[in-house]
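Let me begin by presenting the structure, written as structure tokens, before commenting on it.
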Amino acid sequence: MSTTLPESELRQAATIARGLAIDAVHACNSGHLGLPLGAAEIGAVLFGHALQYHPRHPHWINRDRFILSAGHGSMFLYSWLHLAGYELPLEELQNFRQLHSKTPGHPEFGETPGVEATTGPLGQGVGNAVGYAIAGKMAAARFNTEQHKVVDYHVFALAGDGCLQEGVAAEAASLAGHLGLDNLILIYDSNDVTLDAMAKVTQSEDAAQRFAAYGFDVVTIHGHDFSAIFRAVDDARRADNGKPKLIVARTEIGRGIPEVAGTAKAHGEGGAKFAESSRKGLGLPPTTFFVSDDVREYFQQHQARLLQRYQAWMATFDAWRTANPELAQQLQTARQGQVPADLIDTIPEFAAGYADATRNSGGVVIQHVAAKVPLFITGSADLFGSTKNYIQDGKDYGRGVGTGRNIWFGIREHAMGAILNGLAYDGLFRPSGATFAVFADYLRPAIRVAALAHLPVTYIFTHDSVGVGEDGPTHQPVETCSGLRVIPNLDVIRPGDPEEVAGAFVAALERTNGPTALLLSRQKIATQHAIPAKLRRAGTLRGGYVMLHESGPLQMILLATGSELQHAMAAAEKLGPGVRVVSMPCLERFDRQAREYREQVLPHSCTRRIAIEAGVPDLWHKYVGPQGRILGIPRFGLSAPGDTVMQELGIGVEAVLATAREIS
Ligand SMILES: Cc1ncc(C[n+]2csc(CCOP(=O)(O)OP(=O)(O)O)c2C)c(N)n1
């Protein structure tokens with residue numbers, strides 16, 4: 001953009017944006033006014049001048065990304081998206097926070113054009129921005145050529161004290177500094193106020209110094225000064241110096257409503273009761289949701305300028321496409337989120353006699369998946385050696401190695417979750433990340449958002465039960481698998497043998513509308529060689545299937561997942577002809593099958609059922625029914641060898657046989 005700043009137009013736009021926020025919050029008597037008012041000048045500079053975007057091409061791959069990490073200030077984003085010309089008509093602003101509007105209480109990805117991330121849980125957006133920035137670096141490394149630069153966008157995030165106080169933002173920022181993400185520009189709306197009180201009640205650190213220590217370039221500006229904001233943004237954008245940027249913008253929360261400005265009362269909807277007087281004070285006419293002709297016209301002209309930039313980029317892109325048909329094809333496939341339709345068939349079957357821990361089978365499968373899905377990437381929170389998901393010929397992602405496919409997240413699980421979300425929002429890459437299952441809770445808030453925002457992230461959670469053994473109860477997940485299962489739209493797959501592992505990875509990769517958690521064992525388990533590999537794979541894709549058919553009239557069904565499948569199979573052999581074994585690696589996928597299929601697998605006439613899973617039992621009631629039995633672990637584990645712990649806690653063939661006798 002030109003460096004001459006249209007200050008008076010931006011000033012008017014800021015006033016209009018303040019008015020829209022006041023009116024929207026007043027209309028529904030809820031929401032947050034403080035940020036939209038306090039950061040109005042920042043919004044004006046970004047959307048009215050500095051950002052590279054085009055409202056008619058919200059998925060333009062080289063647009064600057066803007067993430068409102070402080071999602072409670074959603075009216076900030078909605079006002080600016082509206083003024084900028086996105087498909088967000090004024091009626092949507094009038095329907096702020098109402099049923100089925102495009103202006104939900106907090107920004108939701110996929111609901112509103114121009115919203116790049118679902119935010120509101122504070123801190124997540126900072127992690128998402130780091131993910132987007134990594135995606136930008138990775139895309140640039142893969143797709144830019146000497147002749148043509150098609151990816152050079154910047155990632156902006158607006159964060160408040162709340163975001164910066166959250167641990168996830170600290171983890172993410174620390175990693176961003178380490179990775180030298182100079183395409184990341186974090187704007188800190190530093191207004192000395194949080195929700196309950198003045199920020200000084202809970203913070204006294206020097207954020208500028210903290211971020212400088214992370215490796216950021218930091219500048220502090222007066223956040224209502226248009227030219228200072230623009231200069232800071234412009235400098236940040238130009239400095240390809242291997243450092244992410246933090247702009248500390250000193251602002252007054254709720255600016256425009258004198259009764260509350262600068263105090264915690266400005267944070268929420270409190271200022272709305274002064275709507276009338278503040279509108280007057282701002283020089284707005286009595287008409288609510290007012291947008292002046294001048295401001296409309298300014299943004300129309302701005303749109304025309306942005307269109308020129310978009311078209312110039314398109315010309316470069318077309319030339320790049322012609323010169324690099326293979327890269328262009330790869331980009332196209334990736335943008336559609338497709339994986340090869342025959343992915344499952346490209347994974348070789350495991351050899352006769354193969355038996356290993358499912359984490360190791362995963363380590364084999366992931367190599368084949370990576371070979372077929374070039375933009376599949378993975379990472380681990382300092383546990384590659386244990387989680388086994390390292391892409392062998394994928395190189396490590398890092399400074400100057402944008403083509404690397406293995407991200408070393410360090411011991412930053414929460415940031416890993418938020419960063420994977422950022423990569424998934426961006427959409428080019430198929431991100432996965434790993435840690436021990438017991439630490440899934442460290443990234444749970446990010447998993448929840450991934451599920452809510454329909455992001456196809458794959459989690460590789462190994463060491464999935466008390467089978468972990470000697471590390472003891474701190475490291476033995478008993479509730480984790482079920483705890484994950486209760487998150488809507490998250491598929492949790494606990495495969496019981498290597499072919500089920502192959503099915504599980506494919507299930508995760510074929511999914512485009514939500515995340516998948518794979519729970520893999522630390523310990524070696526049996527392979528069900530007697531059952532055709534194809535059946536085990538296809539069955540896993542259906543979530544549950546008959547692994548072993550009864551050879552006489554059906555009398556009993558054994559249900560199992562993961563490492564307990566081997567016990568169900570061994571028990572069935574001893575129990576005789578009337579016993580069926582149902583492998584249930586993924587309850588969610590099974591639940592999505594047609595009723596007829598579910599009835600075929602679990603005929604309701606057969607009420608003698610036993611479920612076995614080395615974890616808390618309660619979710620299994622739904623599948624075993626009132627007369628069924630569940631062999632689970634309703635307590636924390638024990639420090640001892642894994643087999644001993646399993647036996648001590650009643651998980652094994654003997655326990656299945658004993659229970660079967662009881663209900664026969
Ligand atoms: C993880 C999380 N915890 C708590 C909240 C509730 N909450 C919303 S805004 C806010 C205060 C945020 O303060 P700040 O970032 O300074 O925002 P400002 O007051 O400047 O609008 C809190 C605690 C939340 N949205 N997310």
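The values are calculated or read from the model by the stated rules, or taken from the named source; none is laboratory data. Model, not experiment: these values are computed from the prediction. No Cβ is skipped: glycine too gets one built from the backbone with ideal geometry, and neighbour counts run over all protein chains shown. Ligands, DNA and RNA are stripped out before the accessible areas are found, and what is left, the full protein with its side chains, is counted by its heavy atoms. Shrake-Rupley method; radii C 1.70, N 1.55, O 1.52, S 1.80 Å.
Filtering PHE47, PHE66 for residues that are buried (at least 23 other Cβ atoms within 10 Å of the Cβ) and not in a helix (DSSP H, G or I) leaves a single hit, PHE66. Sort out which residues of the stretch 71-92 are surrounded by 24 or more Cβ atoms within 10 Å (Cβ to Cβ) and closer than 13 Å to ASP23 by Cβ, and write them in order of number. Once the filter is applied, which keeps residues that are surrounded by 24 or more Cβ atoms within 10 Å (Cβ to Cβ) and closer than 13 Å to ASP23 by Cβ, the stretch 71-92 yields MET75, TYR78, SER79, HIS82. Within the stretch 154-169, the residues that satisfy the criterion of being touching a residue at least 60 places away in the same chain (Cβ under 8 Å) and either within 16 Å of the ligand (Cβ to nearest atom) or open to solvent by 10 Å² or more (accessible area, probe 1.4 Å) (or both) are HIS154, ALA157, LEU158, ALA159, GLY160, GLY162, CYS163, GLY167, VAL168, ALA169. When we screen GLU596, GLU588, GLU662, GLU573 for residues that are among the acidic types (Asp, Glu), part of a helix (DSSP H, G or I) and in contact with an Asp or Glu (Cβ under 7 Å, 6 or more places away or on another chain), the only hit is GLU588. Report yes if some residue within the stretch 348-360 is closer than 25 Å to GLN330 by Cβ and open to solvent by less than 40 Å² (accessible area, probe 1.4 Å); otherwise report no. No - not one qualifying residue is present in the stretch 348-360.
Reported count of residues in the stretch 224-259, each being without any contact (Cβ under 8 Å) to a residue 40 or more places away in the chain and either hydrophobic (A, V, I, L, M, F, W, C) or farther than 28 Å from GLU9 by Cβ (or both), is 3. In the stretch 259-292, the qualifying residues are those that are within 16 Å of the ligand (Cβ to nearest atom), outside any loop (DSSP other than H, G, I, E, B) and more than 33 Å from the chain's Cα centre (by Cα), and the one that is surrounded by the fewest Cβ atoms within 10 Å (Cβ to Cβ) is ALA272. Could you tell me whether LEU68 is touching a strand residue (DSSP E or B) at 6+ places or on another chain (Cβ under 9 Å) and more than 16 Å from the ligand (Cβ to nearest atom)? When the stated conditions are applied, LEU68 does not pass them.
The set of residues in the stretch 69-82 that are part of a helix (DSSP H, G or I) and in contact (Cβ under 8 Å) with a residue 40 or more places away in the chain comprises GLY71, HIS72, GLY73, SER74, MET75, PHE76, TYR78, SER79, TRP80, HIS82. Is it fair to say ARG18 is away from the ligand (no atom under 16 Å from the Cβ) and either basic (Lys, Arg) or touching a His at 6+ places or on another chain (Cβ under 6 Å) (or both)? Against the criterion (away from the ligand (no atom under 16 Å from the Cβ) and either basic (Lys, Arg) or touching a His at 6+ places or on another chain (Cβ under 6 Å) (or both)), ARG18 does not qualify. Would you confirm whether or not the stretch 609-620 contains a residue that is among the basic types (Lys, Arg) and surrounded by 19 or more Cβ atoms within 10 Å (Cβ to Cβ)? Looking through the stretch 609-620, at least one residue is among the basic types (Lys, Arg) and surrounded by 19 or more Cβ atoms within 10 Å (Cβ to Cβ). For the stretch 176-194, a residue qualifies if it is among the hydrophobic types (A, V, I, L, M, F, W, C) and within 12 Å of the ligand (Cβ to nearest atom), and exactly one does: VAL193. Within the stretch 71-104, the set of residues being over 19 Å from GLY38 (Cβ atoms), within 16 Å of the ligand (Cβ to nearest atom) and not basic (Lys, Arg) comprises just one member, PRO104. Selection of the stretch 208-244 for residues being within 17 Å of GLY162 (Cβ to Cβ) and open to solvent by 10 Å² or more (accessible area, probe 1.4 Å) yields only ARG210. Summed over the stretch 510-533, residues that are closer than 16 Å to TYR425 by Cα and open to solvent by less than 10 Å² (accessible area, probe 1.4 Å) total 3. Among the candidates VAL478, VAL492, VAL449, which residue alone is part of a helix (DSSP H, G or I), on the phi < 0 side of the Ramachandran plot and either in contact (Cβ under 8 Å) with a residue 12 or more places away in the chain or in contact with a helix residue (DSSP H, G or I) (Cβ under 6 Å, 6 or more places away or on another chain) (or both)? It is VAL449.
So how many residues does the stretch 119-143 have that are open to solvent by 10 Å² or more (accessible area, probe 1.4 Å), more than 16 Å from the ligand (Cβ to nearest atom) and of a type outside the set (Gly, Ala, Ser)? The number of residues fulfilling the criteria is 2. Would you be able to say whether some residue in the stretch 539-553 is open to solvent by less than 10 Å² (accessible area, probe 1.4 Å) and either of a type in the set (D, E, K, R) or at pLDDT below 95 (or both)? Checked the stretch 539-553: no residue is open to solvent by less than 10 Å² (accessible area, probe 1.4 Å) and either of a type in the set (D, E, K, R) or at pLDDT below 95 (or both). Among the numbered conditions (1) of a type in the set (Gly, Ala, Ser); (2) under 13 Å from ALA418 (Cβ atoms); (3) free of Cβ contacts under 8 Å to residues at least 12 places away in the same chain, the only one that SER101 does not meet is (2).
Hey, any hits in the stretch 567-590 for a residue that's aromatic (Phe, Trp, Tyr) and open to solvent by 40 Å² or more (accessible area, probe 1.4 Å)? No: zero hits. If a residue has to be more than 11 Å from the ligand (Cβ to nearest atom) and out of contact with any His (no Cβ under 9 Å at 6 or more places or on another chain) to count, how many in the stretch 35-65 make the cut? Qualifying residue count for the region: 14.
Among the residues of the stretch 626-635, write down those that are surrounded by 14 or more Cβ atoms within 10 Å (Cβ to Cβ) and within 35 Å of the chain's Cα centre (by Cα). Once the filter is applied, which keeps residues that are surrounded by 14 or more Cβ atoms within 10 Å (Cβ to Cβ) and within 35 Å of the chain's Cα centre (by Cα), the stretch 626-635 yields ILE630, LEU631, GLY632, ILE633. Scan the stretch 465-497 for residues that are farther than 28 Å from TYR425 by Cα, crowded, with 22+ Cβ neighbours inside 10 Å and of a type in the set (D, E, K, R) and jot them down. Correct list: ASP497 only. Residues of the stretch 102-113 that are under 21 Å from CYS28 (Cα atoms) and either surrounded by fewer than 19 Cβ atoms within 10 Å (Cβ to Cβ) or not hydroxyl-bearing (Ser, Thr, Tyr) (or both): LYS102, PRO104, GLY105, HIS106, PRO107, GLU108, GLU111.
Here GLU146, GLU116 are screened, and the one residue that is open to solvent by less than 30 Å² (accessible area, probe 1.4 Å), of a type in the set (D, E, K, R) and away from the ligand (no atom under 16 Å from the Cβ) is GLU116.
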